[in-house]
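Each value in this text was obtained by applying a stated rule to the coordinates, not by laboratory testing. Please read these numbers as outputs of a predicted model, since none were measured by experiment.
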Amino acid sequence: MPYDEEFDEEFDEDEEENDSDDETVTFVCEDCDYRWKATVDAEDPEYGSENMICPMCGSANVSDF
């Protein structure tokens, strides 16, 4: 089986993505108690639970957990 150089390029790209400032945050809806995880950029000025909408019920009463 010949060596596939594309595999190395894909692997390198995946490593670069992991070096970003993204973090996984758990959010909880205060109205329906639905919980979900989202990857957010910690340096994003719009980061925060005040800008999140519950995907289950549509409530804006969300906090990070």
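Taking 0.36 nm per residue of sequence separation and subtracting the Cα-Cα distance, how much length would be gained by fully extending the chain between Ala42 and Phe65, in nm to one decimal?
Gain in length upon complete extension: 6.8 nm.
Please list the non-local residues whose amide H lies under 5 Å from the amide H of Cys32, H modeled 1.01 Å from N, same-chain partners needing a gap of 5 or more.
none
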